[in-house]
1. For the condition out of contact with any helix residue (DSSP H, G or I) (no Cβ under 6 Å at 6 or more places or on another chain) and farther than 26 Å from residue 477 by Cβ, what is the one hit in 570, 529, 560, 564?
2. Evaluate segment 161-183: report whether one residue or more is in the same structural domain as residue 80 (by the TED database), assigned to a loop (DSSP other than H, G, I, E, B), touching a Lys or Arg at 6+ places or on another chain (Cβ under 7 Å) and surrounded by fewer than 20 Cβ atoms within 10 Å (Cβ to Cβ).
3. Within segment 194-218, restricting attention to residues that are among the aliphatic types (A, V, I, L, M) and at pLDDT below 90, which residue is surrounded by the most Cβ atoms within 10 Å (Cβ to Cβ)?
4. Select from segment 461-478 the residues that are among the hydrophobic types (A, V, I, L, M, F, W, C) and either in a strand (DSSP E or B) or not assigned by the TED database to the domain that holds residue 524 (or both) and write down the one among them that is farthest from residue 540 (Cα to Cα).
5. Look through 154, 137, 188 and report the one residue that is assigned to a loop (DSSP other than H, G, I, E, B) and of a type in the set (Asp, Glu).
6. Residue by residue through segment 51-73, note down the ones that are open to solvent by less than 10 Å² (accessible area, probe 1.4 Å) and among the β-branched types (Val, Ile, Thr).
7. For segment 146-193, what are the residues that are more than 30 Å from residue 77 (Cα to Cα), at pLDDT 90 or above and of a type in the set (S, T, N, Q)?
8. Looking only at residues in segment 314-352 that are acidic (Asp, Glu) and assigned to a strand (DSSP E or B), which one is least open to solvent (accessible area, probe 1.4 Å)?
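The values are calculated or read from the model by the stated rules, or taken from the named source; none is laboratory data. Just so it is clear, the model here is predicted, and its values are computed rather than measured. All Cβ positions, glycine included, derive from the backbone under ideal geometry; neighbour counts span all protein chains shown. The area values use the complete protein model at the heavy-atom level, side chains included, leaving out ligands, DNA and RNA. Shrake-Rupley method; radii C 1.70, N 1.55, O 1.52, S 1.80 Å.
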Amino acid sequence: MLLPRCPLPLLLLLLLLLPLDSRPQKLPTRDEELFQMQIRDKAFFHDSSVIPDGAEISSYLFRDTPKRYFFMVEEDNTPLAVTVTPCDAPLEWKLSVQELPEEASGEGSGDPEPLEQQKQQITNEEGTELFSYKGNDVEYFVSSSSPSGLYQLDLLSTEKDTHFKVYATTTPESDQPYPELPYDPRIDVTSLGRTTVTLAWKPSPTASLLKQPIQYCIVINKEHNFKSLCAVEAKLSSDDAFMMAPKPGLDFSPFDFAHFGFPADNNSGKERGFLKSSKFGRQTSPKPRVDLHRVCIGNKNIFTVSDLKPDTQYYFDMFAVNTNTNMSTAYVGTFARTKEEAKQKTVELKDGKVTDVFIKRKGAKFLRFAPVSSHQKVTFSVHSCLDAVQIQVRRDGKLLLSQSVEGVRQFQLRGKAKAKYLIRLKGSKKGASMLKILATTRPNKQSFPSLPEDTRIKAFDKLRTCSSVTVAWLGTQERNKFCIYKREVDDNYNEEQKKREQNQCLGPDTRKKLEKVLCKYFHSQNIQKAVTTETIRGLQPGKSYLLDVYVIGHGGHSVKYQSKLVKTRKFC
């Protein structure tokens, strides 16, 4: 989608940033005396649409009204990182670059002609698109070698008025404002009670190795997991907006100026913190919704959440916050159901509806399925997310099925009029278990995709090169969509670490867009020939990669194949 060009007032202000000599201006850095002088005057950034180097800015988008930001890179082969964080609505954004005019500002002769020509060039040229994204993930563009030029960041919200955050830097290796996640970024449920849940997580290397000040903030709710702390703050607001809508053109809040060393109006920046909300010089006291709570606990990596309701499913998110930069990174969220009251309650299954089940280590859950109409057959589909679980099915007290389930399994049993089915699920001895289960009397109702018996990914060693690997996996006779993802890992990445990430219930929507290789449909009527191969290109020599294949069924549910660790050749 083509976004409108930069308004002339913004362009004129941008041109004022160019020095009166033949050298293009460098993207302002926190170490430059000129930038420090400019940023002490907060009016400098009102309507400027200039992104400062190494500082996160917060801004506002009106629905269907695009906004454009600029920043300049002076030299070729400059590292560049741009991060965009949507708050409470999906965004469409695009990053592009155009070459600077050869004569940046004339030769100081006072002749206005070169300046007019420069304005005309910048206004009329669209530049080369480098990256685009549409969605509500925290997404980023990273390049180790970017060309010099004028960079443009175009943003648009088509759903509603919304806030967002942008961070850009030309020194990503040294900045690292966002806390780094540990090798295992999951939250572990270590203890489960009727009203309490104890969570534990690995500390951020930013705190344990780099010794930077990190605090952890936990978010608890009963609806879903969150992808960013910005999204949490939006939900905590008293209305649907994260902050009240600013006046048109006001991009920075008083807190943002306080971040750079400004005194904020009405002392609002001093009061912000992580558990308060104060924007645009006006104190607000949003009332948190009853189903969403947030608490920051310092640098501890174990915490017990209390005052929960029995037999209730909760979603838990953890954010590591760098208190120096006020920027955060999300751990992989989890969910858990608190224990039932002393008398165990049986969960009722609805015909054709997928139910999430959490079982503590060595624990058990009982479910009940009572079809409302007569039926000839009943089908139970079980998707075990982690380790194997035991399933027993009784019909009117008679044992019909007792098996261990790993991955996705489907069981079809003979039906009986007015029959009632009791399902007992027993968790693993190794740790807590998560699974999805569906019961139906409609034989064509299949939410989970069919899987081959062997869900391994095979890599062909002889076809390895310095920049590609070739892999294959089995399919089935059912036409399904397959998506393959790659992620670079350290050379010391081992099978134990890979096993920690084998949650088959986490779908492609949890992956970063840059990790996606491709998606395709595949099946074969001849089960012996139901095999497909793919060559993954664009890899780095001598690097290790973790490959994942997801199969997505007609109902939208996905299942992950066993991850495969591959390594490109170092010399070719």
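1. On inspection, the qualifying residue turns out to be 570.
2. Scanning segment 161-183 turns up at least one residue that is in the same structural domain as residue 80 (by the TED database), assigned to a loop (DSSP other than H, G, I, E, B), touching a Lys or Arg at 6+ places or on another chain (Cβ under 7 Å) and surrounded by fewer than 20 Cβ atoms within 10 Å (Cβ to Cβ).
3. Ranking the candidates gives 207 first.
4. 474
5. After ruling out the rest, the residue left standing is 137.
6. Scanning segment 51-73 gives 51, 57, 73.
7. 157, 158, 190, 191
8. Per the criteria, the residue is 317.
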